[in-house]
1. Kindly provide the set of residues from segment A:8-46 that are modelled with pLDDT of 95 or more and charged (D, E, K, R), ordered by number.
2. If you scan segment B:56-83, which residues turn out to be over 18 Å from B:Ser18 (Cα atoms), small (Gly, Ala, Ser) and either in contact with a strand residue (DSSP E or B) (Cβ under 6 Å, 6 or more places away or on another chain) or surrounded by 14 or more Cβ atoms within 10 Å (Cβ to Cβ) (or both)?
3. Within segment A:71-94, track down each residue that is without any contact (Cβ under 8 Å) to a residue 60 or more places away in the chain, away from chain B (no Cβ under 14 Å), touching a Gly at 6+ places or on another chain (Cβ under 8 Å) and surrounded by 19 or more Cβ atoms within 10 Å (Cβ to Cβ).
4. Those residues that are surrounded by fewer than 22 Cβ atoms within 10 Å (Cβ to Cβ) and more than 8 Å from every other protein chain (Cβ to nearest Cβ), I need them from segment A:38-54; list them, please.
5. With the structure loaded, tell me whether A:Gly107 is within 14 Å of another protein chain (Cβ to nearest Cβ), surrounded by fewer than 17 Cβ atoms within 10 Å (Cβ to Cβ), in contact (Cβ under 8 Å) with a residue 60 or more places away in the chain and under 17 Å from A:Asp26 (Cβ atoms) or whether it fails that test.
6. Looking at B:Ile48, B:Ile21, can you tell me which residue is β-branched (Val, Ile, Thr), within 14 Å of chain A (Cβ to nearest Cβ) and farther than 21 Å from A:Thr44 by Cβ?
Amino acid sequence: SAVISQKPSRDICQRGTSLTIQCQVDSQVTMMFWYRQQPGQSLTLIATANQGSEATYESGFVIDKFPISRPNLTFSTLTVSNLSPEDSSIYLCSAYRGSGNTEAFFGQGTRLTVV
Amino acid sequence: GENVEQHPSTLSVQEGDSAVIKCTYSDSASNYFPWYKQELGKRPQLIIDIRSNVGEKKDQRIAVTLNKTAKHFSLHITETQPEDSAVYFCAANDYNQGGKLIFGQGTELSVKP
């Protein structure tokens with residue numbers, strides 16, 4: 001199994017600022033993803049973090065708002081930019097080793113509150 | 001793209017009873033179907049998964065069935081215990097297309113002692 005460390009675990013941010021979330025995996029993984037989970041809701045895929053190239057965003061999510069980096073096979077960051085109260089949510093990173101028919105692991109999540 | 005529908009949204013059972021959660025998916029190319037359990041304030045944890053070449057899979061008190069023709073799959077928990085209380089999510093992906101998981105809406109299971 002892979003261990004995913006995500007930080008910060010929580011933060012309170014002022015509107016208009018940005019928050020960068022880091023995700024570190026303990027071993028090389030093929031795929032990394034970022035999800036948003038609003039209170040009491042399901043996980044919504046934001047984007048696939050591609051190693052060495054631009055992330056692939058899902059409908060409704062754009063690079064200007066959610067820039068993502070993945071400089072190597074074990075690390076990725078998600079920035080939530082120009083924060084508004086509607087961005088208050090839990091953000092989770094996820095990773096696979098091998099192909100996508102094996103277990104996807106999740107970080108512990110970052111609880112973001114925008115005030 | 002893929003769309004996953006999950007029912008019911010809440011489920012309450014007595015300890016020892018069985019619980020069944022159902023999901024349907026839209027993309028016939030999807031070939032991997034995991035189930036995750038998420039306890040309050042915790043990360044999702046995989047409890048069982050099934051691939052499209054299999055119709056049923058069991059792991060102790062948990063089983064998953066898959067009907068590819070109808071594009072639906074179900075989670076069955078037998079002899080439920082209070083510690084089974086959590087939110088359960090189904091998901092689907094086409095692992096030949098990058099393996100991104102699309103989740104159902106979740107089912108909040110409550111097991112009453």
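1. Result: A:Arg10, A:Asp11, A:Arg15, A:Arg36.
2. none
3. Passing the criteria: none in range.
4. A:Gln38, A:Pro39, A:Gly40, A:Asn50, A:Gln51, A:Gly52, A:Ser53, A:Glu54
5. Against the criterion (within 14 Å of another protein chain (Cβ to nearest Cβ), surrounded by fewer than 17 Cβ atoms within 10 Å (Cβ to Cβ), in contact (Cβ under 8 Å) with a residue 60 or more places away in the chain and under 17 Å from A:Asp26 (Cβ atoms)), A:Gly107 does not qualify.
6. B:Ile48
Here is a yes/no grid of residues against (1) touching a residue at least 12 places away in the same chain (Cβ under 8 Å); (2) more than 10 Å from every other protein chain (Cβ to nearest Cβ); (3) not in a loop (DSSP other than H, G, I, E, B):
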{"site": "B:Lys42", "(1), (2), (3)": "no, no, no"}
{"site": "B:Thr80", "(1), (2), (3)": "yes, yes, no"}
{"site": "B:Ala91", "(1), (2), (3)": "yes, no, yes"}
{"site": "B:Gly99", "(1), (2), (3)": "yes, no, no"}
{"site": "B:Gln105", "(1), (2), (3)": "yes, no, no"}
{"site": "B:Leu109", "(1), (2), (3)": "yes, yes, yes"}
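The values are calculated or read from the model by the stated rules, or taken from the named source; none is laboratory data. These numbers come from a predicted model, not from an experiment. Neighbour counts run over all protein chains shown; Cβ positions are idealised from the backbone, glycine included.
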